[in-house]
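Visitor: Supplied in C-alpha cells, the structure appears directly below.
The values are calculated or read from the model by the stated rules, or taken from the named source; none is laboratory data. What you are looking at is a predicted structure, and each value in this text was computed from that prediction instead of being measured. Every residue, glycine as well, gets a Cβ built from its backbone with ideal geometry; the counts of neighbours run over all protein chains shown. Heavy atoms of the whole protein, side chains included, go into the accessibility calculation; ligands, DNA and RNA do not. Shrake-Rupley method; radii C 1.70, N 1.55, O 1.52, S 1.80 Å.
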Amino acid sequence: MASAVGIGAAAITRRSVAAQPFTPSAGLVEAARKEGKMIYYTASFTEVEQEVINAFNKRFPFVRVEMVRASGGQLITRVKTEAAAGKLVADVVDHSDRGLMKALEHLFQDYAPPNASDYLPSALVSPRLWPRLTPGWSIAYNTELVKNPPKTWMDLTKPEYAKGQIGQVIGPSGGTTWTRIMFERQVLAEDYWKRQAATKPALYPSGAPLSDALVRGEVSIAPLIYNAILPKKRDGAPVEIFFPPEGVPIVPYATGIPKTSANPNAARLFLDWSLSPEGQAFTIKDQGNLTSLKEPPFNPEGFDPKVAKVWVPDFKQFVELHDKWLEEWNTVYGYRQ
C-alpha cells in the first residue's frame, strides 16, 4: 500500500517564523479570571501536561487547571459515559485519536483560535477540534546497556536485539501508537510486524511505563513518543534519542471545548494560548514536539527535516483500517486485551 505523506512534511519544510507573544483580548482575560478554573481531560502524559499547565499559569496564574489524565480508550469511555448521563464536567478534552474524537464532535461547541488560518487544513478533522499537540515518534536507548545502538526503524528487527531487549507500546494503546504501527506496515515493510515481533519485545500499556522501564534498564531500546522520554534525558537519565531516517510518524491531536463546559472562557484562553505561536513554540522547544502550524517557529531539538521527513496517515485509512489492522497486530504480537 502506498504511504501517505501529509501535513508534517509540508509544515516543517516551510520557512520558520519568530513566535510572537500571545495577546488575548482584555474581555476574554477578565471573563476567564472570573471563572478562575477549568477541568482538563487529556490522554497525553501527566508529566508533559503538567509542564504545559505550568507554562500557561506563568502567563495566567488566575486560572487553576485541574487535570484528569487517562489512557486513550479509557478517556473516550469516560467522556461518552459522562455525556450520556448529562454529567460531562470537562472544560477541555484533549486526545491523540482524531478518529475517536471526530465521532464525538457533536459534543463540542464551535471554536476556532484567533490564528486559525495559520494551521494546515489537513491537520483538522472538524472545525470544532484543533491540533493543540503534534507529537512525533523516535527511538530511544539506554546508553549503559546498549553498546551497538540501532540507527533505523528496520534495525529493530535485528536478531541481536532479541529476547526482551526492545520494549513496545501495545497497538491498541491509542491514536499515537496506531499511527506508528500504520507507518510500520505502510512505509517500512508489509511484514515489518512479523519481523519485529520475532525479537520478542516486552509489551507495555502506554509510553509512560515504557519510558520508566527504559530508564530503569528493564528494556534497553524502545520506540517512544519524543515528548515522553525527552524530560527524562534532560533530568540526567542515561538515554539517547534519535529520529529514524525512514520517517517520523506524527499525529495531530484533536482538542475541543464541550458544549457543557462550565468554564468556557478559561477553556478558550487555555486553547487560544496553546495554539498560538507562543504556545506552540513552548511545546516545540521545551517538549520536543512538532507543530501543525503552516510556518513553525523552529524545529525540536535533534530533528533535522533534511534527514527524516515526518509522516501522517491518510485520515480515511486511519479510520477504516483501524479495527482490522489492530486485530492483526494483536495476533502477530501475541497480545490479548
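Visitor: Please name all residue pairs, on different chains or six or more residues apart, with Cβ atoms under 8 Å, provided the first residue is in region 263-276 and is more than 12 Å from residue 56 (Cα to Cα) and the second residue is among the acidic types (Asp, Glu) and buried (at least 24 other Cβ atoms within 10 Å of the Cβ).
Guide: Short answer, once both residue conditions are applied: 263/91; 264/91.
Visitor: When you look at residue 27, is it open to solvent by 10 Å² or more (accessible area, probe 1.4 Å), in a loop (DSSP other than H, G, I, E, B), over 24 Å from residue 172 (Cα atoms) and not basic (Lys, Arg), yes or no?
Guide: The answer is no for residue 27.
Visitor: If you don't mind, there's one more thing I want to ask. What pairs come out if I take residues in region 321-337 that are within 18 Å of residue 166 (Cα to Cα) and pair them with residues that are basic (Lys, Arg) whose C-beta lies under 6 Å away, six or more apart or interchain?
Guide: Every condition considered, the pairs that remain are 332/194.
Visitor: Here is a further query. In the list 229, 257, 221, which residue meets the criterion of being crowded, with 19+ Cβ neighbours inside 10 Å and within 19 Å of residue 99 (Cα to Cα)?
Guide: Exactly one of 229, 257, 221 is crowded, with 19+ Cβ neighbours inside 10 Å and within 19 Å of residue 99 (Cα to Cα), namely 257.
Visitor: Assuming residue 308 fulfils every condition listed in (1) open to solvent by 10 Å² or more (accessible area, probe 1.4 Å); (2) within 25 Å of residue 142 (Cα to Cα) apart from one, which condition is it?
Guide: Among (1) open to solvent by 10 Å² or more (accessible area, probe 1.4 Å); (2) within 25 Å of residue 142 (Cα to Cα), the lone unmet condition for residue 308 is (1).
Visitor: Same structure, new question: Taking region 81-100 as the search range and keeping residues that are in a helix (DSSP H, G or I) and either modelled with pLDDT under 95 or farther than 25 Å from residue 269 by Cα (or both), which one is farthest from the chain's Cα centre (by Cα)?
Guide: 84
Visitor: Moving on to the next point. Suppose the filter is under 21 Å from the mean Cα position of the chain (by Cα), under 28 Å from residue 297 (Cβ atoms) and at pLDDT 95 or above; does residue 125 pass it?
Guide: It is false that residue 125 is under 21 Å from the mean Cα position of the chain (by Cα), under 28 Å from residue 297 (Cβ atoms) and at pLDDT 95 or above.
Visitor: Looking only at region 291-309, how many residues end up being outside any loop (DSSP other than H, G, I, E, B) and at pLDDT below 85?
Guide: Selection size over region 291-309: 0.
Visitor: Tell me the residue from 135, 159, 172, 149 that is open to solvent by 10 Å² or more (accessible area, probe 1.4 Å) and in contact with a strand residue (DSSP E or B) (Cβ under 9 Å, 6 or more places away or on another chain), please.
Guide: One residue alone meets the criteria, 149.
Visitor: When the residues of region 196-218 are narrowed to those that are among the charged types (D, E, K, R) and more than 18 Å from residue 171 (Cβ to Cβ), which ends up most open to solvent (accessible area, probe 1.4 Å)?
Guide: 216
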